[in-house]
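A short worksheet on the structure shown next.
The values are calculated or read from the model by the stated rules, or taken from the named source; none is laboratory data. On a predicted model such as this, the values are computed, not experimentally measured, just so you know. For neighbour counting, all protein chains shown are included, and Cβ atoms are generated from backbone atoms with ideal geometry for every residue, glycine included. The accessibility values were calculated without ligands, DNA or RNA, using every heavy atom of the protein model including side chains. Shrake-Rupley method; radii C 1.70, N 1.55, O 1.52, S 1.80 Å.
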Amino acid sequence: MSLDDLRTIESVDRHDTRGVLADFPQQCRRGRALRAVPAPSGGRPRLVVVAGMGGSASGGDMVAACATDTLDVPILVHRGYGLPAAAGRDTLVVAMSYSGETVEVLSAAEVALARRVPLVAVTAGGALGARAASLGLPRVTLPSGLMPRMALGYLVFPLLAVLAGCGAAVATEADMDEALDVLAAQADDFGPASPTDKNAAKRLALAIGNRLPAVYGGPLTATAAYRWKTDFEENAKVLALAGAVPEMNHNEIEAWRGPGARDRHVVLLREEGEAPPIARRFELVRELVSPAAGGVSEAWARGGSRLARILSLAYASLWTSFYLAVLHGVDPWPVPMLDEVKRRLSSP
Ligand code: F6R
């Protein structure tokens with residue numbers, strides 16, 4: 001199938017996911033302007049816990065990955081009910097749920113309230129938005145109408161602003177400017193109007209085809225690798241693997257010898273200026289896995305800052321999984337199985 005036939009893309013992409021993805025750089029620009037109201041009043045936290053699930057948690061992952069080398073406040077992304085015991089009064093809990101209806105996040109918020117842990121809600125509304133409004137809690141109100149995983153710009157940038165506001169800045173204004181420029185350039189390169197020979201996202205989706213994608217990152221890009229996995233699963237509805245060097249050199253690499261490896265496609269998430277031991281490990285993975293694997297591809301982060309790099313890989317993931325969905329004839333927007341789980345959980 002050709003990914004350059006716009007009518008084919010339109011016939012599969014019935015909810016205009018392509019329009020939402022094309023708008024992603026502007027979404028990030030709008031997200032950058034959003035602030036918590038009222039402004040959080042606490043001081044600098046000793047620990048930040050981002051409570052979220054799925055696409056909303058992913059925003060926390062991206063910010064935590066950006067912070068690793070520079071911020072002396074740990075950022076813990078908590079996926080699940082309640083809160084870890086470490087979350088005390090000197091912690092800031094950010095309850096992130098795009099829909100505001102995710103029960104795990106609602107439960108985390110209730111535990112934070114019970115423990116009197118400072119709490120900020122980042123949400124487009126729902127029960128979380130209503131609870132925050134009724135208590136007068138700091139709340140970032142996000143524009144509604146998107147799929148949470150496609151609202152990454154509305155999650156990452158407000159979280160950066162919340163952290164900067166309490167003295168735990170993760171990215172500079174220059175980092176954010178650069179990230180927005182990088183994303184704008186990518187929108188032109190990856191959009192449906194950009195032909196396959198110039199479009200790395202289309203080429204990667206075609207290279208993967210019917211194989212199972214296995215995405216490996218390094219110290220920074222491993223966070224993006226997990227995002228690629230979940231984008232393949234939610235958008236293209238195909239199972240995917242995610243891992244990281246050096247850890248996968250100690251276990252997962254062993255699974256790349258059998259005949260089943262032909263049905264898998266490796267994607268290595270690389271960045272310029274990798275530490276030499278990391279670059280060496282990526283080369284070793286390529287050498288050792290190539291003879292057995294169905295294929296090996298690389299996707300390179302763009303930009304210089306950690307923020308630009310991680311967001312550029314997340315944006316590449318959105319487009320690659322979009323094209324893989326089109327190749328499989330699957331509408332990338334709806335997630336009926338996720339919805340069914342939520343529906344069954346909410347009915348007694
Ligand atoms: C759906 C998606 C999911 C949700 C998750 C939590 O597009 O990305 O992974 O993010 O089910 O829902 P929210 O983000 O609304 O709290």
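The figures follow:
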item: Degrees separating the helix 173-190 axis from the principal Cα axis of the chain, which is the longest one; result: 40
item: Most mobile listed residue (D13, D69, D189) in the chain, GNM with C-alpha springs under 10 Å; result: D69
item: Helix 152-165 vs. the chain, principal-axis angle (Cα, 0 to 90°, nearest 10); result: 40
item: Cα-based shape type of the chain, given that a ≥ b ≥ c are square roots of the gyration tensor eigenvalues and the cut on a/c is 1.5; result: prolate
item: Angle between the chain longest axis and helix 103-115 axis [Cα atoms, degrees, rounded to 10]; result: 30
item: About the Cα centre, charge dipole magnitude for the chain (Lys/Arg +1, Asp/Glu -1 at Cβ), debye; result: 820
item: 20 Å Cα cut-off, lysine pairs counted over the chain (separation 8 or more, or different chains); result: 4
item: Selected from E271, E247, E110 as most flexible by GNM, with the chain as the system and alpha-carbon contacts under 10 Å; result: E247
item: Three-way shape call for region 1-126 based on the alpha-carbon gyration tensor, with the a/c threshold at 1.5; result: prolate
item: Probe 1.4 Å, protein heavy atoms only - accessible area per residue of region 230-348 in square angstrom; result: 46
item: Shape of region 144-233, Cα gyration tensor, a/c cut at 1.5; result: prolate
item: Exposure ranking of K229, K237, K198 by accessible area [1.4 Å probe, largest first]; result: K198, K237, K229
item: Beta bridge orientation in the chain: antiparallel %, DSSP, nearest 5; result: 5
item: Carbon plus sulfur fraction of accessible area for the chain, probe 1.4 Å, in percent; result: 56
item: Value at 222 nm in deg cm²/dmol, rounded to 500, when DSSP H runs of n ≥ 4 in the chain each add -39,500 (n - 2.57); result: -14000 deg cm²/dmol
